[in-house]
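Engineer: Mind looking over this structure? Questions follow.
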Amino acid sequence: MPADSADLAARLLDAHVAQQRRQLTDPHEFAALVDEEITAFLDVADQLPLETAVSRDLIKAVARKYAIAFPVDGEIPGLVGAVAERLYQYSADHDTRLQDVLDRRRFEELATGIADLGLSRRIVERVLTSPASEDACVEAVQRAVDPSRLPGKLAGIVETLVERVARRGTRYVLAVNSAESDHLILDAAREMWLWLASTDEQADQVRDILSDGDVEDTIVLVFEFWRSFRETPYFGALLDEGIDEVFDTYGQTPLSEILDELGIARTDLVEEAMRFGPPVITQLDSDGIVESALRRRLAPFYASDEFAAILASD
């Protein structure tokens, strides 16, 4: 490129970089840029269905990478543990009572809703009708009544009699409670609320029930379970089914409608762009990163054969 053309290219590059930098750093120009770009994006999103924008197979590949293949070792468990420890310390150090978080009426509604769930009733009924539950109750009674000090034959008779009586009584009690499974759940929930709501030493109660060691042990157990569960074919199948359901439901739906259904409006996009954009860009600009990045992206054009050809044509 001749010297005069190179000089012109350098001056045009400087002007282009300055204009682009001003558009990003000037508050009014940046606000106009955000409004223009979001409007243009939503105009396209009105005509762009989800499955046209991205395929389900691509989303499955990304989901499998981060949900299954992505390592959960390193700093991630440590960070989760540190966050959990901080939340635990906050709960333990602040006198937060249950009624400060959930009032009695809301708790009653929540407890009633849980008790009315078919799943809750089936779980309680399954526990109450399980032979294992019956055996556990009978064993508890047998341990309470210890006939070992009696003479050998008498001890055997007493042990057999205790087992029979205990088993009959257990069956009766479990059968009666099985028919009232929803009341069992409600009564247990109410008793728990009354106990928690009446405690005066909330911080001490937290420490008595849950120690920092318990928090750490729970995190370790969760990570160990997740590490093995995510590698099973069952989890992979669940992941694929979930993605297929989203695409079967919304595959032909324009992206703008999906955003609306998620509760994300145009004003939300503008608000968040204006919340994060200016302070981040200001910091980057003060460090010289904005100008350096713009120059790096624009300079190749002004040194290109295409630009030289334009100058030559003039």
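The values are calculated or read from the model by the stated rules, or taken from the named source; none is laboratory data. Since we're looking at a predicted model, the values are computed, not measured. With ideal geometry, Cβ positions are generated from the backbone for all residues, glycine too; neighbour counts draw on all protein chains shown. In case anyone asks, the SASA skips ligands and DNA or RNA and just uses the protein heavy atoms, side chains included. Shrake-Rupley method; radii C 1.70, N 1.55, O 1.52, S 1.80 Å.
Engineer: Could you please state how large a percent of the accessible area of the stretch 227-314 is carbon and sulfur, counting protein chains only and using a 1.4 Å probe?
Structural biologist: 60 percent
Engineer: Write down the accessible area per residue of the stretch 12-65 in Å², having rolled a 1.4 Å probe over the full set of protein chains.
Structural biologist: 62 Å²
Engineer: Apply the Karplus parameterisation 6.51 cos²θ - 1.76 cosθ + 1.60, with θ equal to phi minus 60°, to every residue of the stretch 3-13 and state each ³J(HN,Hα) to the nearest whole Hz, in sequence, with x for glycine and proline.
Structural biologist: 4, 5, 5, 5, 5, 4, 4, 5, 5, 5, 4
Engineer: Which shape class applies to the stretch 1-85: rounded if a/c is under 1.5, otherwise prolate when a/b exceeds b/c and oblate if not, where a ≥ b ≥ c are the square roots of the Cα gyration tensor eigenvalues?
Structural biologist: Prolate, because a/c is 1.5 or more and a/b exceeds b/c.
Engineer: While we're on this one: How many nm separate the modelled label positions at V44 and K65, each set 7 Å beyond the Cα in the direction of the Cβ?
Structural biologist: 2.1 nm
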